[in-house]
1. Any chance you could count how many residues in segment B:164-188 are more than 21 Å from B:His38 (Cα to Cα) and either buried (at least 18 other Cβ atoms within 10 Å of the Cβ) or among the β-branched types (Val, Ile, Thr) (or both)?
2. Anything in segment A:135-149 that is within 29 Å of A:Gly238 (Cβ to Cβ) and under 24 Å from the mean Cα position of the chain (by Cα)? List them, or say none.
3. As an exercise: evaluate B:Ala85 against (1) more than 13 Å from the chain's Cα centre (by Cα); (2) more than 24 Å from B:Asp175 (Cα to Cα); (3) modelled with pLDDT of 95 or more and give the number of the one condition it does not meet.
4. Could you tell me whether A:Ile215 is under 20 Å from the mean Cα position of the chain (by Cα), away from chain B (no Cβ under 14 Å), buried (at least 24 other Cβ atoms within 10 Å of the Cβ) and among the aliphatic types (A, V, I, L, M)?
5. Could you say which residue among A:Ala191, A:Ala197, A:Ala232, A:Ala226 is among the hydrophobic types (A, V, I, L, M, F, W, C) and closer than 12 Å to B:Phe97 by Cα?
6. Of the conditions (1) touching a Leu at 6+ places or on another chain (Cβ under 6 Å); (2) closer than 28 Å to B:Lys40 by Cβ; (3) among the aromatic types (Phe, Trp, Tyr), B:Phe91 fails just one. Which one is it?
7. Being open to solvent by 50 Å² or more (accessible area, probe 1.4 Å) and within 22 Å of the chain's Cα centre (by Cα) narrows it down to one of A:Phe104, A:Phe132, so name that one.
8. Kindly evaluate A:Ala191 against the criterion of being within 14 Å of chain B (Cβ to nearest Cβ) and open to solvent by less than 20 Å² (accessible area, probe 1.4 Å).
Amino acid sequence: MPATAIAEAGPAPAATPPATPASFGTLTLRWYRLNQGRLRATAIGIASLIAFLLVWHLLTTYRVVFFVRFTNVPSPLAVYASFTTAIHDPKFLMHILLSCRRIFIGFSLAAIVGVPLGLIMGRFKLAHEVIFPVAEVLRPIPAIAWVPMAIMLWPTNEQSIVFITFLGSFFPILVNTLHGMSLVDPVLVRAAQCLGARERSIFREVYFPASLPHIFTGLTVGMGVAWVSLIAAEMISGQYGIGYFTWEAYSLVQYADIALGMIAIGVLGLGSSLLIRGMGQLVMPWRST
Amino acid sequence: MSEVLANTSKGHIEVRNFSLAYETIEGPVQAVTDTQIHVKPGEFVSIVGPSGCGKSTLLNAVAGFLKPTTGIVTVDGDRVNGPSAERGMVFQQYSLFPWKTVRENVEFGLKMRGMPRSQRERAARTLLGLAGLEAFEKHYPEKLSGGMKQRVGIVRALATGPKVLLLDEPFGALDAQTRVIMQQILTNMWQRLKISVLFVTHDIDEAIFLSDRVYCMTARPGSIKAEIPIPLERPRQQAMMMSSEFLALRRGLMSLIREESLKAMGGEINDMGMQGLNIELHGHSLADVI
């Protein structure tokens, strides 16, 4: 009996294009019906952002004092004005570029060290037994608390700031990688073994891809903490960087620049986590629907 | 058929004086005791038994995942020391690699063996074609139905041309209709490949329908209670499941397993008691009886 003849009944999951050619109108309607939820979310999201700006505008224009004081808080228009001057200011762009460079170096180092270390600790008991206690003791120490130590350890200011950024993202990456390793389905390991896979192949073909979703969780969290640590370090010991820019604006009584710095930090943080998410989808095509 | 599937009449499984105990805090717990089984080259043998009787334990020992406490497992005279591609395995939970496409899953064993990419792609396509899955080669397992997943599981296990195929309740998670189709597919592949099969199931019909011989195991600690040859002619058809010969075999196996299941459930529920309960319950609700 040919095997194809006994293929299962029922709808096959393969995508079959609709048989009847649809007109532009029906296509638009169908697209709308399929994406209704997403359109709605986008519309509400935009409305909510506009409402936020509006409330901010009203609170600052009328200098509301109600427990919190909006007397000196810059209005959205003032912030926009300082934004238009800032983007033509090479100094502002340099602050941003320097912060991005610190994030890139610190975070990349954390990923390059944290992921392999987590994989090795997850696979080899001895590595886990040796490294885990030290990691657990160091992990609760906030990266900012490392600032004085970092200044002592590293010859330049730049290096100590990168070190703080590294520390901030290192532990989330390590812990999540380790967690991913602990959740690898042992049956998949067995399946690989009875297909002839040896230790090295099992590591590459099973443990690593199985842990990838958790590794990317770690990278996303790590990226967030990297920014937190970077901004704090820049405010304390920097000479450049967007965190330093924000703090300097406060010292120089340029209130609009404070908000501008904050928004820039927010946008950069958002952008970098989107980048990580995009990388995740690229590396794990089986996860995207 | 491609060279991947070349298989001479090999695959003689011998399990002798086998026992396996787990260490626990209260001391060793005997899972399987004093067991001898064998599978001749090209034979299809099933193991049935009440749940928890150690049939999967026995299969895992043949696969090389568990070491016997006493006794020996050999395939073609070579002692089993660990898992190997010589013994293909199919799991109840499918255990396909979610990060690999259907074809990459099938290719896995060949890749491990160092076969060049183009060659193993061709081999995988041929095999997927045999299982009616060529249209799904680029899909990820998540997108497949249970029956399709298990077809990939079987094809993947066969791709390296193993001497024996071990299946651990492979169709246990499938619905009744799919199960029947899968049994046909497995039978087809087995007949083409002339491979030895050791099949663990708790489904008596399935065991009789597929096998040349059925081992029935006792309740824990498991051992072989009976060995039943299945003389039904091949190729087997669904209609045979209604034949008197089939039904007689079924009755025999049923009563063997029933005895053991009752034993497994504890001494206080004996067969007579159960029958009494059935009669009393007839036409009444449980509350009426109590």
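The values are calculated or read from the model by the stated rules, or taken from the named source; none is laboratory data. Here the structure is a predicted model, which means the values were calculated and not measured. When we count neighbours, we look across all protein chains shown, and the Cβ atoms used for this are built from the backbone with ideal geometry, even at glycine. These accessible areas exclude ligands, DNA and RNA; they are computed on the full protein's heavy atoms, side chains included. Shrake-Rupley method; radii C 1.70, N 1.55, O 1.52, S 1.80 Å.
1. So the count comes out to 10.
2. A:Ala135, A:Leu138, A:Arg139, A:Pro140, A:Ile141, A:Pro142, A:Ala143, A:Ile144, A:Ala145, A:Trp146, A:Val147
3. Every listed condition holds for B:Ala85 apart from (3).
4. So A:Ile215 fails the test.
5. It is A:Ala191.
6. The one condition B:Phe91 does not meet is (1).
7. Residue meeting the stated conditions: A:Phe104.
8. Criteria met by A:Ala191.
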